[in-house]
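Chemist: Would you mind keeping the following structure in view while I ask a few things?
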Amino acid sequence: MRKLIRSYPRAFCSLLIIVLAAIMFFGFRNYPKDEQLQTEKRITIEVVNDNALHYTNTYEVTTKSITLGEIIDELGIVQYSGSTINRYITSLDGMEADETRKEWWGFYINDEFAQTGVDSTNIKDGDKYTFVFNVGYQ
């Protein structure tokens, strides 16, 4: 390794700069801004299961929390599997998703399918978060 670094010092330095820039970009992209830390936000959380139950429950929440994961934990309406970093929702409002039957919980932010997990989703004042019980993976 040392011989390779001595042979190509510019390439190594360039690679090191690219890696550090990527770490900084992805590390700070979801870091909450100061105004998110200090202000109270009002959001709506909706839990929907239109399959056999035709169930809908709405929570109006006022909070200083930062992520959606924090809020649903505080409400006590969720159960997970997986690690604390990469949690997979298995149950909401007491309704459990069975992976063997291809059941799963997805969520939407203002009626658009979320592109991040609940622990990476920073909440914004006035937003609506809808959790939908799904069957099938298509």
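The values are calculated or read from the model by the stated rules, or taken from the named source; none is laboratory data. In this text, all values refer to a predicted model and were calculated from it rather than measured experimentally. Cβ placement follows ideal geometry from the backbone for every residue including glycine, while neighbour counts extend to all protein chains displayed.
Chemist: Based on this model, can you work out whether residue 111 counts as in the same structural domain as residue 57 (by TED's automatic domain parsing), under 19 Å from residue 67 (Cα atoms) and at pLDDT 95 or above?
Modeler: The answer is yes for residue 111.
Chemist: Which of the following residues is of a type outside the set (Asp, Glu), under 19 Å from residue 46 (Cβ atoms), touching a Lys or Arg at 6+ places or on another chain (Cβ under 8 Å) and surrounded by 15 or more Cβ atoms within 10 Å (Cβ to Cβ): 123, 77, 72, 89? It would help to see each step written out before you state the result.
Modeler: Details: 77 fails: touching a Lys or Arg at 6+ places or on another chain (Cβ under 8 Å); 72 fails: touching a Lys or Arg at 6+ places or on another chain (Cβ under 8 Å); 89 fails: touching a Lys or Arg at 6+ places or on another chain (Cβ under 8 Å).
That would be 123, the only listed residue that is of a type outside the set (Asp, Glu), under 19 Å from residue 46 (Cβ atoms), touching a Lys or Arg at 6+ places or on another chain (Cβ under 8 Å) and surrounded by 15 or more Cβ atoms within 10 Å (Cβ to Cβ).
Chemist: Please give the strands (runs of 3 or more DSSP E) falling wholly within the stretch 37-138 in which 2 or more residues are without any contact (Cβ under 8 Å) to a residue 60 or more places away in the chain and of a type in the set (Val, Ile, Thr).
Modeler: The qualifying strands (runs of 3 or more DSSP E) are 55-63, 87-92.
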